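Structure first, then comments.
Computed from the coordinates by the stated procedures, all read-outs in this text should not be read as laboratory data. Computed from a predicted structure; not experimentally measured. Note: ideal-geometry Cβ built from the backbone for every residue, glycine included; neighbour counts use all protein chains shown.
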Amino acid sequence: DERMMRCPYCKRIFWLTEEELYANETFECPHCHKKNAGCSEIDDYGVLIGVSILDYELEEMLRG
């Protein structure tokens, strides 16, 4: 089974397998080749919305 993810950098959508979703903490966009830190939410069409690594790190700093 596969899911789609929107890159937080270039905003393009790419495919991920379920195995990748459960085995990886970061995902590299095949279009811009930047890595993101997973997803924060899902859009109305079921596409995962990626989180930039910088945004993730800032969120973690604010938490703790």
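Screening GLU59 on (1) charged (D, E, K, R); (2) surrounded by 13 or more Cβ atoms within 10 Å (Cβ to Cβ); (3) part of a loop (DSSP other than H, G, I, E, B) shows it passes everything except condition (3). Restricting attention to segment 30-46, the residues being touching a Pro at 6+ places or on another chain (Cβ under 9 Å) and among the β-branched types (Val, Ile, Thr) number 0.
Can you tell which of PHE14, PHE27 is in contact with a Pro (Cβ under 7 Å, 6 or more places away or on another chain), among the aromatic types (Phe, Trp, Tyr) and without any contact (Cβ under 8 Å) to a residue 40 or more places away in the chain? Spell out the reasoning first.
On the way: PHE27 fails: in contact with a Pro (Cβ under 7 Å, 6 or more places away or on another chain).
One residue alone meets the criteria, PHE14.
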